[in-house]
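The values are calculated or read from the model by the stated rules, or taken from the named source; none is laboratory data. Every value quoted in this text rests on a predicted model; they were computed, and no experiment measured them. Backbone-built Cβ (ideal geometry, glycine too); neighbour counts: all protein chains shown.
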Amino acid sequence: MKHQLQHFFKLTGFLLLTALAFACRKDTPFDEDSEQGAKTPSLTVKGLYVLNEGNWGSNKSSLDYYSYDDGKYTRNIFGTANPAVTLGLGDVGNDIKIYGAKMYVVVNGSNKVEILNASNARQVAKLEINNPRYVTFYKNFAYITSYDGYVAMVDTTALSTIKTKIMVGNQPEEMAVVGNKLYVANSGGYNYPNYDRTVSVIDLTNNTEIKKIDVAINLDRLRADQYGDIYVSSRGQMDQSGEYIINPSLFVIDTKTDLIKKDFKIPVSNFSINGDDAYLYSYSYATQKSTYVKLNVKDETIVSNNFITDGTETLIATPYGIEVDPSSGDIFLTDAKDYVSPGTIYCFDKAGKKKFSFTTGDIPAHITFLFK
């Protein structure tokens, strides 16, 4: 009996310590040396850039700017700032981020990354990468996924050359840095129905892939929260008739163990995380209907099944891009409409009420904030 009681108290103590450790991890924002993770509340937003994809082969990618100071929205500022670039921004703008004083614009169809002055959008350099997809940063390096199956590492001071290529899975998409690890969503998007289903983990101390985490097929969006967890979406798989045979979903990976800790079992087209709040939308091409879900990433629960609270979601035909202002909590959501006409960007306050909207270029897809 004495040994049984000792075992009981040891087990109880272990479970209590485990629970406290988990709670403490979720109560404490993750310390991360990258542009991902917790945002600094003291930063003041000066404006935002909108990257319009433009249809494949149309060479109609464009860059817009919204100024917080005067409320003015200006279209196609790249062409105005760079009149000597005769072909314009290029074909299919796929990602945009600001790091330091420079802005990186990934132009997928043109096989390049335009590196611009973040304050005026003037060209600083151009980097040639075959089939580039997304960009993220760690210390003095930019990491860019290529559908050729690698992550290109580029020195942000040299700019024009690739330092190394880190081989990952098939057709890698989005990335996020947590601590000294880079997480890469591998899609295998060209390989229907034999998609990839892994997240590559790269050790940034030596820039090598150290493992692959098996998650689900055709991975796409990937974000880090402020507690060191990774949220990654799966597009699922359809049959030839357009019916899902494997449903899309959203998964959470604990980067301390690199194990899946939760499957939300909800479809996600795109999402943005700001503090404890995650805003997700999903668009169904079959039904042409959308959902707008809000999550709490601290306790990993669904807060609302519609974060747009004033009924104006009916104005949005085809949601296509989303980001949250880290200082105000305003939600910016873009509408690609019919993919051939100018789109719209909407701003909602953090209570979910529409504040304003502007007409954009064709297929507005990606947003980045410029800070003062």
If I ask for residues that are on the phi < 0 side of the Ramachandran plot, assigned to a loop (DSSP other than H, G, I, E, B), of a type outside the set (Gly, Ala, Ser) and in contact (Cβ under 8 Å) with a residue 12 or more places away in the chain, which ones from region 286-306 would you list? VAL297, LYS298, ASP299, ASN305
Which condition number does GLN36 fail, the rest of (1) at pLDDT 95 or above; (2) buried (at least 22 other Cβ atoms within 10 Å of the Cβ); (3) assigned to a loop (DSSP other than H, G, I, E, B) being met? (1)
Out of all the residues in region 161-175, which are aliphatic (A, V, I, L, M) and within 14 Å of LEU222 (Cα to Cα)? MET175
Scanning region 212-259 for residues that are surrounded by 22 or more Cβ atoms within 10 Å (Cβ to Cβ), assigned to a strand (DSSP E or B) and in contact with a Lys or Arg (Cβ under 6 Å, 6 or more places away or on another chain) gives TYR231, SER233
Looking for whichever is under 19 Å from the mean Cα position of the chain (by Cα), modelled with pLDDT of 95 or more and either loosely packed, with under 15 Cβ neighbours inside 10 Å or aliphatic (A, V, I, L, M) (or both) here; the options are LEU116, LEU51. Which one fits? LEU51
Being surrounded by 22 or more Cβ atoms within 10 Å (Cβ to Cβ), farther than 21 Å from HIS366 by Cβ and among the hydroxyl-bearing types (Ser, Thr, Tyr): is that true of THR208 here? no
Of the residues that sit in region 75-113 and are more than 21 Å from the chain's Cα centre (by Cα) and touching a residue at least 60 places away in the same chain (Cβ under 8 Å), which one is farthest from TYR65 (Cα to Cα)? ASN76
(1) in a strand (DSSP E or B); (2) surrounded by fewer than 18 Cβ atoms within 10 Å (Cβ to Cβ); (3) acidic (Asp, Glu) all hold for GLU323 apart from (2)
Among the residues of region 119-151, which ones are outside any strand (DSSP E or B) and buried (at least 17 other Cβ atoms within 10 Å of the Cβ)? ALA121, ILE129, TYR147, GLY149
